[in-house]
Each structure stands twice: as C-alpha cells, then as structure tokens.
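Written out below as structure tokens is the structure these notes cover.
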Amino acid sequence: MVLATAAVAVAVVLYRPVWRVLRTCVTIAHEIGHAVVAVCTGRTLSGIRLHSDTSGVTVSRGKPRGFGMVLTTLAGYPAPSAVGLGFAILLGTGRQTMMLWILIAALVVLIVVIRNLFGFLAVICAGAAAFAVSWYGTAVWQGVFGYVVTWFLLFGGVRAVIELWQVSVRGDGSDADQLAWLTHISARLWVLVFALLTLAALVLGAGQLLGLQPS
C-alpha cells in the first residue's frame, strides 16, 4: 500500500491537468507556513487569500524588514514538505487517526483567517474530504488517504520549488525575490535553499513511510 500510494501521488504531481487542480492543496500548506511563522515571530496575521490560479498570499503586519520578516517569507515553500514529513512520522508510528484529525483541525483554524470566497471553498472541500474519510472510512481507507496526502505533500513541495526555479529570474515578486530584497542574497540561491529543504524532507519522509528509519 505504501508503494502504491507513492505511485499515485507521483502520477498526480507529474500529470499537469490534475496537478493544476490539486496544487491548491500545496498552496494551502504553503500559506499556513507563512501564517504560523508570522505569528511565532510576533507579527500580526491579517488574513490569507487563495486564488483559482493556485497562487496565494498571506498578509501580516509588523516591521517590513528584519529577521522575523525573513523567517516569515522563508517559511512558505518548505512548509508543504515539512507538513508531509510530520505526517510521515505520525503514519510511521501508527498514528494515522491523529494525523487526520490534526489535518482537519488545521483546516478549521485556517477557515477563520481566509479572506476570499475561493479560498473559503477550497479549504471547506479539503476539510470535508478529510473529515469524511476519518469519520466514515475504514482503517484501510484512512491509511490509504493518509499515505496519499503525505506523499503528495512531499512530492508536491519539490515540484513547487522546481516551478519557482523556472520563474525566479523574472523578478515577479515571488518569495525568493522578496528574500533577495530583504537579505541582498540572490533569489536563485534562495531557491536552492528551498530545494535542499524540500528534498531533505522527501528523503526523511520516505524513510519513515517505508520503514527505513527508526521512528
């Protein structure tokens, strides 16, 4: 089952028509990463918007520069992979029900800070799917769903960074461009940092899911 769900997740991430739709799930995790770090660094979270083109924006109030702003901006792209790694650890230790309820709780909290209709509907749909599986699904279906979601976040986090690499030279205001402005370090170097973090999460997460690492 672990290998089969990994194959499904890879197919979803690589098949562009499906990826264009489900990439919003990666964006949700991305914006959660910005929001959590913003709050942890003392910034005031104003809201999150998710768009139909799978982009998103998290608005927080605080100093426009400084270490807190750097960490907040840095958190987005590694966040889906970090969430995937956390879920992999839970699944690797047999806590699939806990993994599902953590997912649902995070989406419920997210609804409070969503500031547009599309974002609200996207989060509601994701939460409803997770709730339906956790409440009505058998242990087998809960496991299948949990593994697919986890693999999808691990692989999807890597693909999102690859897409960022392809556009990072345009100066279009991406997280890498904002980090370049904040730190005077090349946007491409920041993309490489994202790549290293997401690949490390993929390797560690795969090790947990496949039972190759101690839990």
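Only residues that are in contact (Cβ under 8 Å) with a residue 24 or more places away in the chain and in a helix (DSSP H, G or I) were counted across segment 91-106, and they come to 10. Taken over segment 60-84, the criterion of being assigned to a helix (DSSP H, G or I), farther than 18 Å from GLY42 by Cβ and either open to solvent by less than 40 Å² (accessible area, probe 1.4 Å) or hydroxyl-bearing (Ser, Thr, Tyr) (or both) is satisfied by PRO78, ALA79, PRO80, SER81, GLY84.
Report yes if THR27 is buried (at least 18 other Cβ atoms within 10 Å of the Cβ) and not in a helix (DSSP H, G or I), otherwise no. Judged against the criteria, THR27 is not a match. Candidates LEU192, LEU212, LEU202: the one that is outside any helix (DSSP H, G or I) and open to solvent by 20 Å² or more (accessible area, probe 1.4 Å) is LEU212. Restricting the search to segment 186-207, which residues are more than 11 Å from SER81 (Cβ to Cβ) and under 18 Å from the mean Cα position of the chain (by Cα)? Of everything in segment 186-207, those that are more than 11 Å from SER81 (Cβ to Cβ) and under 18 Å from the mean Cα position of the chain (by Cα) turn out to be TRP190, VAL191, LEU192, VAL193, ALA206. Check LEU199, LEU164, LEU154 and return the single one that is within 22 Å of MET69 (Cα to Cα) and not hydroxyl-bearing (Ser, Thr, Tyr). None of the other options fit; the residue is LEU164.
Applying the criterion of being in contact (Cβ under 8 Å) with a residue 60 or more places away in the chain and assigned to a loop (DSSP other than H, G, I, E, B) to the residues of segment 114-169, the residue that is surrounded by the most Cβ atoms within 10 Å (Cβ to Cβ) is ASN116. Taken over segment 176-189, the residue count meeting the criterion of being in a helix (DSSP H, G or I) and open to solvent by 20 Å² or more (accessible area, probe 1.4 Å) is 8. Considering each residue of segment 48-59 in turn, none proves to be surrounded by 12 or more Cβ atoms within 10 Å (Cβ to Cβ) and assigned to a helix (DSSP H, G or I).
The values are calculated or read from the model by the stated rules, or taken from the named source; none is laboratory data. Predicted model only: the values in this text are computed from it and were never measured. Using ideal geometry, Cβ is built from the backbone for each residue, glycine included, and neighbour counts are taken over all protein chains shown. The protein model used for the area step is the full one, side chains on, heavy atoms only, and it has no ligands, DNA or RNA in it. Shrake-Rupley method; radii C 1.70, N 1.55, O 1.52, S 1.80 Å.
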